[in-house]
Amino acid sequence: MITAFRDRLVRVPKTRDWAEMLGLLAIFSVTTLAVSLIFGKDAVFSSSGPNVSVWLFLPVSFFIPSLFEEAVFRGLFQPAGHRGAQRALLLALSIGVFVLWHPVQVWLGLPMAQSLFLQLPFLTLVAVLGACATIMVQRSGSLWTPVVFHWCIVVVWKLLSGGST
């Protein structure tokens with residue numbers, strides 16, 4: 001597990017990996033638009049939570065949640081060396097634990113947690129984010145495309161939620 005994590009951390013993504021990340025970002029964006037049209041903007045975006053300077057938020061959000069969560073859920077929790085149904089089950093489990101982590105943040109009272117993290121439409125998008133990040137790690141062998149992917153989503157989500165000035 002630690003060896004796979006280290007390998008994923010030091011592997012530099014190829015141009016193809018970044019292009020695939022952009023494609024998955026487009027898919028995620030369309031999915032977010034669909035969910036917000038079906039359930040309403042308030043089911044996806046929130047004006048609650050800390051209102052912080054965008055200049056502080058940009059670097060902080062790269063490390064927490066993006067790098068931290070991807071390191072844990074895609075670096076440590078994703079299986080290496082498994083095949084077939086066992087691998088698929090373990091990948092699905094890592095996505096499931098990633099989704100469950102968001103309500104746990106609210107229940108633990110963590111500073112960046114929001115009540116939105118308990119809502120099904122938002123958690124659906126978290127599952128899509130987790131699935132996209134899983135695909136990127138499995139195809140590229142690197143953590144860096146999912147980290148940047150996650151960071152882009154968090155930054156745009158925060159800006160569209162009106163939580164940064």
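Tell me, which residue of the stretch 142-165 that is modelled with pLDDT under 95 and in a loop (DSSP other than H, G, I, E, B) is surrounded by the fewest Cβ atoms within 10 Å (Cβ to Cβ)?
Residue satisfying both the conditions and the ranking: T165.
Return the residue satisfying two criteria in turn: it lies in the stretch 33-77 and is β-branched (V, I, T) and within 13 Å of the chain's Cα centre (by Cα), and of such residues it is modelled with the highest pLDDT.
Per the criteria, the residue is V72.
Which count do you get for residues in the stretch 109-137 that are at pLDDT below 95 and either more than 19 Å from F45 (Cα to Cα) or touching a strand residue (DSSP E or B) at 6+ places or on another chain (Cβ under 6 Å) (or both)?
1
Report yes if some residue within the stretch 65-76 is free of Cβ contacts under 8 Å to residues at least 60 places away in the same chain and more than 17 Å from V156 (Cβ to Cβ); otherwise report no.
So far as the stretch 65-76 goes, yes, one or more of its residues are free of Cβ contacts under 8 Å to residues at least 60 places away in the same chain and more than 17 Å from V156 (Cβ to Cβ).
On the basis of being touching a helix residue (DSSP H, G or I) at 6+ places or on another chain (Cβ under 8 Å) and closer than 19 Å to A34 by Cα, does T124 make the cut?
Judged against the criteria, T124 is a match.
Search the stretch 60-109 for residues being of a type in the set (S, T, N, Q) and part of a helix (DSSP H, G or I), and hand back the single one that is surrounded by the fewest Cβ atoms within 10 Å (Cβ to Cβ).
Q86
So is G141 out of contact with any Ser or Thr (no Cβ under 9 Å at 6 or more places or on another chain) and farther than 18 Å from F63 by Cβ or not?
yes
Answer yes or no as to whether T134 is of a type in the set (V, I, T), under 23 Å from A19 (Cβ atoms) and touching a helix residue (DSSP H, G or I) at 6+ places or on another chain (Cβ under 9 Å).
The answer is yes for T134.
When you scan the stretch 28-59, how many residues do you find that are over 19 Å from L159 (Cα atoms) and surrounded by fewer than 12 Cβ atoms within 10 Å (Cβ to Cβ)?
Residues meeting the conditions: 1.
Identify all residues within the stretch 86-144 that are of a type in the set (S, T, Y) and farther than 15 Å from V72 by Cα; write none if there are none.
Answer for the stretch 86-144, where residues must be of a type in the set (S, T, Y) and farther than 15 Å from V72 by Cα: S115, T124, S140.
The values are calculated or read from the model by the stated rules, or taken from the named source; none is laboratory data. Please read these numbers as outputs of a predicted model, since none were measured by experiment. Reconstructed Cβ throughout: ideal geometry from the backbone, glycine too, with neighbour counts over all protein chains shown.
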